[in-house]
Amino acid sequence: MDVRELKNFIHVARAGSFNRAAAELYIAQPALSRQIAKLEEEIGVPLFVRHGRGVRLTAAGARLLERAEVITQMVGETGEHVRASVDEERGYLAVGLPPTMGTLIGAELVRSFRAVFPRVSLHIREGQSSSLQEWVLDRRVDLAVVYNQPPLDAFNVRPLYSEPMILIAPPGTKMPKEGFHIRDLANLPLILPGLPHSNRRVIEHAAVQHGIRLRVELEVDSVALTKQLVKAGVGYSILTSIAIRDEAARGDVLAQAINRPSIRSTVAITTLRDAPSSRFVTAWTAMLREKLAGFVQNEQWRDDIVWLDDGDS
């Protein structure tokens, strides 16, 4: 095995697809597949499981990824390390953010992190919570901000805050002054994400608890498109309060609490339980918590958000 093979293996593991990795590396996909097959033959175990959407690391592949990243990083940095001052911080950090969080504090967070670690390679991946959980498990990201993380033994989960989920309706809709009861949802044409989207899981769980069946007219995973469809009068939806605050303030949609009882969404930082936490993960987590805490303390949001993290860890 050589360093080039390890670098290409890392690229496939992070991309989750031979085709995508080959395009990013500017090499032919068959050639890349042969390299990985040769690597698997040398090591004597499969490194990837192939499936319809691409590939996923095996347990052996995950162990190799951890070693390969260390080896290639050391090889790549050897010359510079000899010349660099001892106090310079170098490395790599991959983080996952849901779209709403990226829009909310992503730019400010990246700017703060790079001010402290200007020589650390930073990779931001954006996706739904189900994808983010998969990327943490496959070690494609070192940590992720996830909505409604299910309790799984593989993860360390640090809850940050919870916020109410809000019913949004097209402009001009007559809304009840007293708010919506969860039973009212059975009569509304809803636009919701498909399972296993975290918001859909929370909403379906609440519906089952109260013995109702939701009338889902459209399944749309994109929050931005969902808001546009509601604005156009196609149907109603249920989104987090942060996700719809700007549109509601502009009058693009009407927003009403579901308050009998409320449905709440929890945001948490998720890492892999058996992965050592690097100083970059620790620093990013601290900065993320600081940015979110400042945001939550804003008077505009204080009534909606319940802060869950005491800051100890």
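Bear in mind that the values in this text are calculations on the coordinates, not laboratory data. From a predicted model like this one, the values you see are computed outputs, not experimental measurements. When we count neighbours, we look across all protein chains shown, and the Cβ atoms used for this are built from the backbone with ideal geometry, even at glycine.
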Local electrostatic count, Arg215, Cβ distance below 15 Å [Lys/Arg +1, Asp/Glu -1]: -1
Amide hydrogen neighbours beyond the local backbone of Ser237, cut-off 5 Å, H modeled: Ile168, Ile191
Simple spin-label estimate for Phe295 and Ala224 in nanometres, 7 Å along Cα-Cβ: 1.7 nm
Total formal charge among the other residues, if their Cβ is under 15 angstrom from that of Thr271, Lys/Arg +1 and Asp/Glu -1: 0
Karplus-derived 3J(HN,Hα), 6.51/-1.76/1.60, for each residue of segment 181-194, Hz, glycine and proline x: 8, 4, 5, 5, 5, 5, 9, 9, x, 9, 10, 10, x, x
Two-site label geometry, Tyr92 and Ser17: point separation in nm, points 7 Å out along Cα→Cβ: 2.0 nm
Span-like helix ranges in the chain, DSSP H, alpha carbon extent 20 angstrom or more, Kyte mean at least -1.0: 29-43, 59-83, 279-296
Length released on extending from Glu204 to Ala249, taking residue separation times 0.36 nm less the Cα-Cα span: 13.5 nm
Qualifying trypsin sites (Lys or Arg not before Pro) in segment 224-305, DSSP loop, other Cβ atoms within 10 Å at most 13: Arg273, Arg302
Rg to Rh, two decimals, where the chain supplies the alpha carbon set and Rh follows Kirkwood: 1.03
Spin-label model distance (nm) - Val75 vs Arg4, 7 Å beyond Cα toward Cβ: 1.0 nm
Under 5 Å, built H, 5+ apart or other chain: amide partners of Leu57: Val49
³J(HN,Hα), Karplus 6.51/-1.76/1.60, whole Hz, each residue of segment 154-161, x for Gly, Pro: 6, 10, 8, 10, 10, x, 10, 7
Qualifying GluC sites (Glu not before Pro) in segment 154-233, DSSP loop, other Cβ atoms within 10 Å at most 14: Glu178
